[in-house]
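In what follows, a structure is listed as C-alpha cells, so that the remarks can point back to it.
The values are calculated or read from the model by the stated rules, or taken from the named source; none is laboratory data. This is a predicted model, so every value here is computed, not measured. In this analysis, Cβ positions are derived from the backbone assuming ideal geometry, glycine residues included, and neighbour counts consider all displayed protein chains. Ligands, DNA and RNA are excluded from the accessible area calculation, which covers all protein heavy atoms including side chains. Shrake-Rupley method; radii C 1.70, N 1.55, O 1.52, S 1.80 Å.
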Amino acid sequence: MEWNGRIDGEELDVLRIHQVIKVMTLDELLQTNLKEKKVCFISFNSDEGIRRNAGRLGAKEGWIHVKNALSGFPIFKEDLKFYDLKNPIEVINHDLETAHTKTSEIVALLKKRNFLVIVLGGGHDIAFANYCGILDYALEKDKNPKIGIINFDAHFDMRDYSNGRNSGTMFLQIADICKNKNLNFDYNVFGIQKFSNTKRLFDRAEKLQVKYYFAEDIRTIPNDTLYSILKKNDYIQLTLCTDVFHITSAPGVSAPQTFGVNPRNALPLLKTIARYAKNLTIDVSEINPKFDYDDRTSRLMANIIYELILSHFDEF
C-alpha cells in the first residue's frame, strides 16, 4: 500500500494526502464531478524502455517510492481532490508499445474529466505515451492543436528508433508524428549537458528547431522565456526526467549527473509553468530506488510534484 503515514487527527487542518486520496478504477474515475479541482496519478510499472536503452535498471518501482514520500504531505484546501488510478500500467513480455498505447488512452480519458494528470514512471519513455494521450484529447477539440513540450532533462532523447523505441527516442518519435500530421513541433529542453549528447543529437535539435538551454544557464533564464512558450500553446506537457538534477540531490537515477541542475534553481521555473500553463499535463520519470540513498531522489521529486500541484491550483 503506497498511501499511508502519520495521522494527527481527522480535522481539516491536520489532514495529509494519504488520508484523503481516493484510489479508484478507471471506470470509477470517469464518474467523478467535472467541476472538481482534482489531480490523478497514473503509475507506469516498467523500465523496459531503459533496458532497451542499455541504462541502469530499477526505475520500474520509482512511482511506489514517490507515492510513499507524497503520502504525508499536508492538505491545505478541502476543495482540491486527490485521486490515484488503482492499477499501474504493466509491460507484459517486453511489449512496451502496447503499454504505451494503454497509457495514452487513459491520459486522454482522464483529461476529458478535467483531471490534472500526473504520470509516474518508470522510464522516461512514458513521455511519448503521455504526449499521445494529450494529442488524442486535443484533436477532438481542434484539428491543429498547439501543444508545447517543456522537458527538464540532461538529454535530448531524440535518437533514432528504426530498431524500436526506448527511453532515448521519444521526442524524435513525437517530431515525426507532428510532421505526418502537419502539426507544429514545439520542443523545449532545460538542463542539457554537453557531454551527455552526441554532435548528431545537437545537429538534429538544430534541424528540428528545438529550443534548448544548458544546465549551467538555468539560474539566468528569464521568466519571459517561459511565458513565450506558455502563451503560444493551448496545451503544455511538462516532462521531468529526474537525471536533470545534480547527483547529490538525485543519486537514484538511471544516468546520474555530476554537473546537474540544483533543484532550487529549477523550482521557480517549474512553479511558473505549473501556474500559468494552459491545459497542463505532467510526467515524472527515471527515479531509480535501487541506487538511491535514504529515498533522497524520491523525496526530491515528491516535493517538486507537490509544489507543482499547489502552484497549478494557486493554493498559495
Of the candidates 230, 226, 238, 280, the one satisfying the condition of being under 20 Å from residue 118 (Cα atoms), more than 15 Å from the chain's Cα centre (by Cα), in contact (Cβ under 8 Å) with a residue 12 or more places away in the chain and open to solvent by less than 50 Å² (accessible area, probe 1.4 Å) is 230
>> Residue under question is residue 263, and the condition is that it be open to solvent by 10 Å² or more (accessible area, probe 1.4 Å) and either farther than 21 Å from residue 127 by Cα or of a type in the set (Val, Ile, Thr) (or both); does it hold?
In response: no
Those residues of segment 1-17 which are open to solvent by 20 Å² or more (accessible area, probe 1.4 Å) and in contact with a helix residue (DSSP H, G or I) (Cβ under 8 Å, 6 or more places away or on another chain) amount to 2, 4, 5, 7, 8, 10
Only one of 126, 134, 147 is at pLDDT 95 or above and within 17 Å of residue 95 (Cα to Cα), namely 126
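Listed here are the residues, each with its yes/no results for (1) modelled with pLDDT of 95 or more; (2) in contact with a Phe, Trp or Tyr (Cβ under 7 Å, 6 or more places away or on another chain).
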{"position": "31", "(1), (2)": "yes, no"}
{"position": "39", "(1), (2)": "yes, yes"}
{"position": "56", "(1), (2)": "no, yes"}
{"position": "73", "(1), (2)": "yes, yes"}
Looking across segment 296-315 at residues that are outside any helix (DSSP H, G or I) and in contact (Cβ under 8 Å) with a residue 40 or more places away in the chain, the single one that is farthest from residue 82 (Cα to Cα) is 315
Checking 250, 255 in turn, the sole residue that is small (Gly, Ala, Ser), modelled with pLDDT under 95 and part of a loop (DSSP other than H, G, I, E, B) turns out to be 255
Cβ pairs under 9 Å, 6+ apart or interchain, first in segment 96-123 and basic (Lys, Arg) and modelled with pLDDT of 95 or more, second crowded, with 19+ Cβ neighbours inside 10 Å and in a helix (DSSP H, G or I), ordered by first then second residue, are 102/129; 111/133; 111/134; 111/137; 111/138; 112/137; 113/29
Exactly one of 214, 190, 152 is out of contact with any Gly (no Cβ under 8 Å at 6 or more places or on another chain) and modelled with pLDDT of 95 or more, and that residue is 190
Given (1) in contact with a helix residue (DSSP H, G or I) (Cβ under 7 Å, 6 or more places away or on another chain); (2) crowded, with 22+ Cβ neighbours inside 10 Å, residue 275 misses just (2)
Residue 48 fails exactly one of (1) in contact with a Leu (Cβ under 7 Å, 6 or more places away or on another chain); (2) farther than 27 Å from residue 111 by Cβ, namely (2)
It is to be established whether one or more residues within segment 206-219 are assigned to a helix (DSSP H, G or I), aromatic (Phe, Trp, Tyr) and without any contact (Cβ under 8 Å) to a residue 40 or more places away in the chain. no
For segment 278-295 the number of residues that are more than 13 Å from residue 68 (Cβ to Cβ) and part of a helix (DSSP H, G or I) is 2
